[in-house]
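The values are calculated or read from the model by the stated rules, or taken from the named source; none is laboratory data. Values in this document were obtained by computation on a predicted structure and should not be read as measured data. Note: ideal-geometry Cβ built from the backbone for every residue, glycine included; neighbour counts use all protein chains shown.
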Amino acid sequence: MSAHAPHVASPRRNHVSRPLLSATLVLLFATVTTPPLRAQASPADGVRTRIGPAFGLHVGAPQKVSLALGAGRWREATNDAYDVVFGLVEPGLGAGRASVGYLRSRGNLNTGLGVRASALRTWRDPWSVEPNRTFVGVEASAHALIFNVRAGAFRRMTAAEGRAVLFTIDGGLFL
């Protein structure tokens, strides 16, 4: 009979930082409870500007599932057109992002394109890349109605081994 000790699995540590979690909870609360902060109509050209909450839900690599929360400045015209400048924090199961971007939408089906600059940090067990890596990059998105598809190219900023360039793709709802 062998005198081996039984293997006991160590508990997984949560790699989400407390400040990121706190900021996410505050933004979620603000998104749910706050009406638009400011609305301003321009009588000359029929353009309305408002500042308010922005959010989205995404599924894809490397974050698996993530919830984006933040704020945006909408510039709405009378012809079913709007432009948005936004900032988002997006914690997920395998990674998190912080992004600033611009989105343009036109027509009855709310179709349009967007671009954003993002910082991405992986943790736990992300899809398609090693955990505990930091990347910066750009992303492009296309949307129709409430659905969107997003693709990005990122460069690793940490000195760790592994993939130096990361390509991402995901789909979701809203921003």
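Below, the figures for the structure above:
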item	result
Qualifying residue in region 139-154 (condition: over 30 Å from Gly107 (Cβ atoms), modelled with pLDDT of 95 or more, in contact with a strand residue (DSSP E or B) (Cβ under 9 Å, 6 or more places away or on another chain) and surrounded by 21 or more Cβ atoms within 10 Å (Cβ to Cβ))	yes
Number of the condition not met by Pro126 [criteria: (1) crowded, with 19+ Cβ neighbours inside 10 Å; (2) in a strand (DSSP E or B)]	(2)
Top-ranked residue in region 103-123 [being surrounded by 20 or more Cβ atoms within 10 Å (Cβ to Cβ) and touching an Asp or Glu at 6+ places or on another chain (Cβ under 6 Å); ranked as nearest to Glu161 (Cα to Cα)]	Ser118
Failed criterion for Val100 (all others in (1) surrounded by fewer than 16 Cβ atoms within 10 Å (Cβ to Cβ); (2) more than 12 Å from the chain's Cα centre (by Cα); (3) assigned to a strand (DSSP E or B) hold)	(2)
Of residues in region 55-86 being part of a strand (DSSP E or B) and among the hydroxyl-bearing types (Ser, Thr, Tyr), the one surrounded by the most Cβ atoms within 10 Å (Cβ to Cβ)	Ser66
Which numbered condition Val136 fails, given (1) farther than 21 Å from Leu93 by Cα; (2) not aromatic (Phe, Trp, Tyr); (3) not in a loop (DSSP other than H, G, I, E, B)	(1)
Residue that is farthest from Pro62 (Cα to Cα), among those in region 126-161 that are without any contact (Cβ under 8 Å) to a residue 40 or more places away in the chain and charged (D, E, K, R)	Glu161
